[in-house]
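Peer 1: Sharing a structure, written as structure tokens. Questions coming.
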Amino acid sequence: MQLLRKIAFPISLVYALVVSIRNGLYDIGFFKSTTFKTPTICVGNLSVGGTGKTPMIEYLVGHLKAYYKVAVLSRGYKRKSKGFQIASKDGAVEELGDEPYQIFNKFPDITVAVDADRRNGISNLEASVGPDVILLDDAFQHRKVKPDFSILLTAYDNLYAKDWYLPTGNLRDTKKEARRAQVIVVTKCPDTLGEERQRMIRKSLKPKKGQQVLFSRLHYDDALKGNTPALTLNGLLGQKITLVTGIANPEPLVRYLKDKGVDLEHLEFRDHHFFSASEIELFNSKPMVLTTEKDFARLKGKVAHLYYIQVRHDFLNGGGETLHNAIQGIM
């Protein structure tokens, strides 16, 4: 795969040129970006792969829903439905996509909707729900909407400043587009990240004047959820666990579990993978299956002895309060 990526370098140059031209046409107003009366907060990244967008959306929902009527709008990647859809308690994961389904199940008191056309989705939400704020999931590169506030995520071990363009690298947008974000969050940081390393990262990201750079780490809950009886992570010690993942970057979770002393076999699938009948049969042959919350949405009710581990963002150096104060400026 690495060899193929290197061979594809000329294609990456063409890709970078096309993306640059597209962004330039938006910048000069040839292509129009729409603004809406409802405050919109965009969460996204410049790269493909896992930077923690869904946990960040959940973090924002948890903070905002106590004060505002919140709606989340997502594309609904790999869903089997079309057009604008609002999540309901009777809805299926196939209608929404795994990430919106996960968010709605965790926060059933908010509105979760999907639409590949973000402008149409926002218009429908304003007409049918009238939210106080709309969170746009994975919409940073969708220039047809101009959000009021943008949060750009980049993973600690794969900073966009050190990445390259598809298909040689993982960038799907040009690096200079980072300037459109009000806040840049470096996610998946190690617990021991010191001030000097943070300073070096800020220097490499080259934030514009007034642009905040914050740091967060992943916090995994000790209590596992899913099938009964209730389990804790310590309760897995001494057992052979099958870890099933269909996410972009499972390495932080695998590393965390191994550091905790969990004996596991890892069955890794592509991001947003919908599991086949034969794969589910394989999982059911295992005495204990642990998965991510997103994968649980696709496996719930199909696999016995199935549990998932919750993850959330934990900001360093009071970064959460800094983010809250910045967002308050648009409300």
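The values are calculated or read from the model by the stated rules, or taken from the named source; none is laboratory data. This one's a predicted model, so the numbers in the text were calculated from it and none came from an experiment. Here the Cβ positions follow ideal geometry from the backbone for every residue, glycine too, while neighbour counts run over all protein chains shown. The area values use the complete protein model at the heavy-atom level, side chains included, leaving out ligands, DNA and RNA. Shrake-Rupley method; radii C 1.70, N 1.55, O 1.52, S 1.80 Å.
Peer 1: Quick one: accessible surface of ILE11, probe radius 1.4 Å, all protein chains present, in square angstrom to the nearest 10.
Peer 2: The accessible area of ILE11 comes to roughly 100 Å².
Peer 1: Please report, as a whole percent, how much of the solvent-accessible surface of the chain comes from carbon and sulfur atoms (probe radius 1.4 Å).
Peer 2: Numbers: 8370 of 15840 Å².
That share works out to 53 percent.
Peer 1: Going by amide H atoms built from the backbone, whose H comes under 5 Å of the H on VAL112, apart from near neighbours?
Peer 2: Distant-sequence amide H within range of VAL112: VAL72, ALA87.
Peer 1: Still on this structure: Collect residues whose amide H, placed 1.01 Å from N in the peptide plane, falls under 5 Å from the amide H of VAL133; neighbours closer than 5 in sequence don't count.
Peer 2: LYS69, ALA71
Peer 1: Pop out the ³J(HN,Hα) list for the range 237-253 in order, Karplus 6.51 cos²θ - 1.76 cosθ + 1.60 with θ = phi - 60°, rounded to Hz; leave Gly and Pro as x.
Peer 2: 4, x, 10, 8, 10, 9, 9, 10, 10, x, 10, 5, 9, x, 4, x, 5
Peer 1: I would also like to ask the following. Would you mind getting the accessible area per residue of the chain, heavy atoms of the protein chains only, 1.4 Å probe, in Å²?
Peer 2: Numbers: 15840 Å² over 331 residues.
Here the per-residue accessible area is 48 Å².
Peer 1: Counting alpha carbon pairs within less than 8 Å and at least 6 residues apart, what relative contact order, in whole percent, applies to the range 112-180?
Peer 2: 20 percent.
Peer 1: How large is the charge dipole for the chain, taken about the Cα centre, if only the Cβ atoms of Lys, Arg (+1) and Asp, Glu (-1) carry charge, to the nearest 20 debye? Don't jump to the answer; show the numbers that get you there.
Peer 2: Details: 47 positive and 36 negative charges, 247 e Å.
About 1180 debye.
Peer 1: Residues with beta-carbon under 9 Å from that of LEU236, excluding LEU236: net charge, scoring Lys, Arg +1 and Asp, Glu -1?
Peer 2: Details: positive: LYS260; negative: ASP263.
Net charge in that neighbourhood comes out at 0.
Peer 1: Can you tell me how much longer the chain between ASP263 and ASP117 gets when fully stretched, taken as 0.36 nm per residue apart minus their C-alpha distance, in nm with one decimal? Let's see the in-between values first.
Peer 2: Working: separation 146, 0.36 × 146 = 52.56 nm, distance 4.39 nm.
Roughly 48.2 nm would be gained on extension.
Peer 1: On the full set of protein chains, 1.4 Å probe, figure out the accessible area of ASP259 and give it in Å² to the nearest 10.
Peer 2: Probe radius 1.4 Å; accessible area of ASP259 about 130 Å².
Peer 1: Which shape class applies to the range 37-120: rounded if a/c is under 1.5, otherwise prolate when a/b exceeds b/c and oblate if not, where a ≥ b ≥ c are the square roots of the Cα gyration tensor eigenvalues? Don't jump to the answer; show the numbers that get you there.
Peer 2: Values: a/c = 1.34, a/b = 1.11, b/c = 1.21.
Taking the square roots of the gyration eigenvalues as a ≥ b ≥ c, the range 37-120 is rounded.
Peer 1: Now for a different question. Just name one of GLY194, THR245, TYR220: the one whose Cα is farthest towards the positive end of the charge dipole of the range 152-281 (beta-carbon charges, Lys/Arg +1, Asp/Glu -1).
Peer 2: Result: GLY194.
Peer 1: Could you give the dipole magnitude of the range 32-119 about its Cα centre, charging the beta-carbon of Lys and Arg +1 and that of Asp and Glu -1, in debye to the nearest 20?
Peer 2: Numbers: 14 positive and 9 negative charges, 70 e Å.
For this selection, approximately 340 debye.
Peer 1: Compute the angle between helix 319-328 and the longest alpha-carbon principal axis of the chain, please, reported from 0 to 90 degrees and rounded to the nearest 10.
Peer 2: The angle comes out at about 50 degrees.
Peer 1: Output the relative contact order of the chain, whole-number percent, from Cα pairs under 8 angstrom with separation of 6+ residues.
Peer 2: Values: 588 pairs, mean separation 65.9, N = 331.
Rounded, it is 20 percent for the chain.
Peer 1: Excluding ALA66 itself, calculate the net charge of residues whose Cβ lies under 13 Å from the Cβ of ALA66, where each Lys or Arg counts +1 and each Asp or Glu counts -1.
Peer 2: Surrounding charge for ALA66 is 0.
Peer 1: If the limit is 26 Å between Cα atoms, which of LYS188/LYS302; LYS240/LYS300; LYS37/LYS175; LYS162/LYS258; LYS6/LYS78; LYS146/LYS176 go over it? If you can, show how the numbers build up before the last one.
Peer 2: On the way: LYS188/LYS302 31 Å; LYS240/LYS300 21 Å; LYS37/LYS175 29 Å; LYS162/LYS258 28 Å; LYS6/LYS78 28 Å; LYS146/LYS176 17 Å.
The answer is LYS188/LYS302; LYS37/LYS175; LYS162/LYS258; LYS6/LYS78.
Peer 1: Also: Could you state how much accessible area LYS78 has, in square angstrom rounded to the nearest 10, with a 1.4 Å probe and all protein chains kept in place?
Peer 2: LYS78 has an accessible surface of roughly 100 Å² with all protein chains in place.
Peer 1: Let me ask something additional. Taking θ as phi - 60°, what are the ³J(HN,Hα) couplings along the range 206-216 by the Karplus curve (6.51, -1.76, 1.60), each to the nearest whole Hz, with x for Gly and Pro?
Peer 2: Listing the rounded values in order: 6, x, 6, 4, x, 8, 7, 10, 10, 10, 9 Hz.
Peer 1: Here's a follow-up. Sum up the charges of everything whose Cβ sits under 13 Å from the Cβ of GLU195, counting Lys and Arg as +1 and Asp and Glu as -1, but leave GLU195 out. Each step should come with its number before you reach the end.
Peer 2: Details: positive: ARG197, ARG199, ARG202, LYS203; negative: GLU196.
Neighbour charge sum, excluding GLU195 itself: +3.
Peer 1: Let me check against my output: what whole-number percent is the relative contact order of the range 192-317, with C-alpha pairs under 8 Å and at least 6 apart?
Peer 2: Working: 163 pairs, mean separation 42.8, N = 126.
So the answer I get is 34 percent.
Peer 1: Calculate one ³J(HN,Hα) per residue across the range 275-286 by plugging θ = phi - 60° into the Karplus curve 6.51 cos²θ - 1.76 cosθ + 1.60, and present them in order as whole Hz with x for glycine and proline.
Peer 2: 6, 7, 4, 5, 5, 5, 4, 4, 4, 5, 7, 8
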